[in-house]
Each structure stands twice: as C-alpha cells, then as structure tokens.
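Have a look at the structure below before the remarks.
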Amino acid sequence: MASKKDTPGRPQIAEVSPLAAIPGGEFQIRGSGLAKMDRPRVTLGDVPAPIVIGSDNYLIVKVPDGAKGELIVESGDQASRAWTCDIGIQIADSMHPVGNPAVDLFGNAYTTFSGSRGQKTPVSIYKVDLNYTARPFVSDIMNATGLAFDREGMLYVTSRFEGIVYQVTPSGNMSVYVEGMGVATGLAFDADQNLYVGDRSGTVFKISRSRQIYVFATLEPSIAAYHLAFSDDGFLYATGPTTSSYDCVYRISNSGEVEPYYRGLGRPQGLALDAEGRLYVAASLGGRRGVVRFDHDRKPELFLSGQGIVGLAFTPSRALLVTTNNSLFRVDVGIAGRPLV
C-alpha cells in the first residue's frame, strides 16, 4: 500500500483494485494527480503497463507479461509511491485445462490437457512440481476434465467423453472407478469421502465409498461443464455455464435440495473456498472477467482480474493456482484455502 506521506504535486494512489491479477487482466487505479501534467505512465515492476482509460483521478491499466508487483504512476517528472499488487506468474503453459487444477498435500499441482471432444491427446494430465517443472503424469484418458484428491492421496479424474471416473495412484497407475456418469465433468468429496460427479446434461451423482451410485440433485443442463466444491457446513456449490450472460451459482443441501446462491455472473466455472468459508468463482462480474469472491453475506467482488480463467485451487503455501484455457498461474495471495481432504 502507499505511504501516508507523499510529496505535494506527485501522483497520489488511493486505491488499486482488484487485489490480484494475472497477465492480460486489468487494474483500476483511483487517486489524484494521476494525469495532472500530461499522459501518465504506469509501470508494474520495470514493465510499462498499457493504459486503457486515463484521467486525473482514475486509470485502468492492462497487466503485461513479465509484470512485477510494484505499481507506480508517473505524470510529468513526478512519480507516485509504489503500490504493492499481487500478480500471478505463469508456471506451466501449452496445457488445456477445462476446470480446477488439483493440489496434493505436498503442493504439487495437476492439470489436464483435455482436448476437443473425442480428441485423443498424447498426455491427459500433467504434474507440476514445486520447481514449476511440468511432467506427463497420466495418458490414455479421453477428454480428461475434472480432478479431485481423496483423503488417501488418490487422484480421481473424469472423462466427459466416456462418462467414466478414473482412479489414479500417486505413481500414476490408473484404473476405472465408476462408469455410466453421462457427460462427466466436475468432482468433489464431502466430509465422509463420498464422491460427487457433475453430469453436465443435468445430474449430480453421489458415489459412496462402496461405489454405490445415487442421483443426488438435478440442475439445468450446461453448455460446458458442472464445477463442484464443498463448504465446511456440508453444502455443495455448483456452477454450470449456459447461454445466458446472467448465470447462477447453486447451493445444494446434504439432502439434495437446490437453491440459487447468487445469480448474475457471466459464464461461471471453477470454484474454491478459503479457510474462512468465502467462495471464489471463475466468472465475469459486471463485464470484468477473473475470479469473483463472495463474502458471508453473498456480496460479490472481483478478487482477481484475468482473461480465459476456467479454474482455481489454493495451495498449502497460501497461494492461489489459476488455470486459463492453456496455462497455469500461481498468485501468492497469502490466503489459506479450505482443506479438501
């Protein structure tokens, strides 16, 4: 944040929002004297940030590749004090995620190369270690989509093409867990380690540890996928983007009763919760794309700005992993996520 003492005449930054961004996202800057002398110049680290909108008290700047976390506004020969921002770094590219990444207990990240429907890709899932080295982890899953870990460290993966949920050991050995899941997409475990699977054609299935299958809830069909996440109080949150630009986040009780949690997001996709129970959704809010955070009164705010975001997950080190259509980013937000297992 800016210092309380500033030299008279220099640009003054009062607020920068949202709190975080990835390259391609935008920061809104509010203050005074931002363009007092002439067209301002904004840098993030040593990298110039293109100005989208500029005035004396309000700027919108785009986050460029290679940006660092210190934002400075220059106007004439005067410069503001640095304002610290959380900016994500790309830790993997040439991927094709379509939902949340998964994170194991050691902090390794897993993400898919899903491919178009019916496309057989050379690698289905990549493992990205703590040194940001991406290695093939699983092959031979057609259209790998949803990822989730159970309490024993086994990874579960859906194939939206085959309607199968696969179980994968920590060494990468794969077997069929259950079949017949329709267009299987999102995954989530409840506190009793029952597995929930979103069939985007309209069903959320519940699978017990003995692999008995139940229809848990029904939702409006999605054009993309169902994304699922549990809260500590036992509610299952679900999104499934439709053709509407005013989509809904649903909340489902442990008895399968569905209620709208919030309506008004554009193309809501991946979900996560932090340790305080706040919900995060990859979506657009008021035309601004990124990660939307809800407080306990269901009030939304854009928490992170970025384009093409499809999923997110917290790490044990209090970072946020964000997947786009082709990349994986790490943003050191300093927020603890809800334990998933």
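Just so it is clear, none of the values below were taken in a lab; they were calculated from the coordinates. Values in this document were obtained by computation on a predicted structure and should not be read as measured data. Heads up, the Cβs are rebuilt from the backbone with ideal geometry, glycines too, and the neighbour counts pull from every protein chain shown.
Of note:
- Normalised contact order of the chain, rounded percent, pairs of Cα under 8 Å and 6 or more residues apart: 14 percent
- Ordering 294-302, 25-33, 266-274 by mean Cβ neighbour count within 10 Å, with the highest value first, yields 266-274, 25-33, 294-302.
- Distance from the range 88-161 to the range 164-179 (C-alpha centre basis), Å: 13 Å
- Here's the picture: charge each Lys and Arg Cβ at +1 and each Asp and Glu Cβ at -1 in the range 183-322, and of Ala282, Leu195, Pro300 the one pushed furthest to the positive end of that dipole is Ala282.
- For the Cα trace of the chain, dividing Rg by the Kirkwood Rh returns an Rg/Rh value of 1.02.
- For the range 19-45 and the range 307-330, distance of Cα centres in Å: 24 Å
- Net charge, Thr84 excluded, C-beta distance under 14 Å - Lys, Arg +1, Asp, Glu -1: -2
- Sorting 199-210, 168-179 by average packing, meaning the other beta carbons within 10 Å per residue, from highest down gives 199-210, 168-179.
- Each Lys and Arg Cβ is given +1 and each Asp and Glu Cβ -1; about its Cα centre, the range 185-338 then shows a dipole of about 380 debye.
- Summary of the geometry: the range 247-294 and the range 216-246, compared by the centres of their Cα atoms, lie 8 Å apart.
- Over the range 229-341, relative contact order from alpha-carbon pairs under 8 Å, at least 6 apart, %: 18 percent
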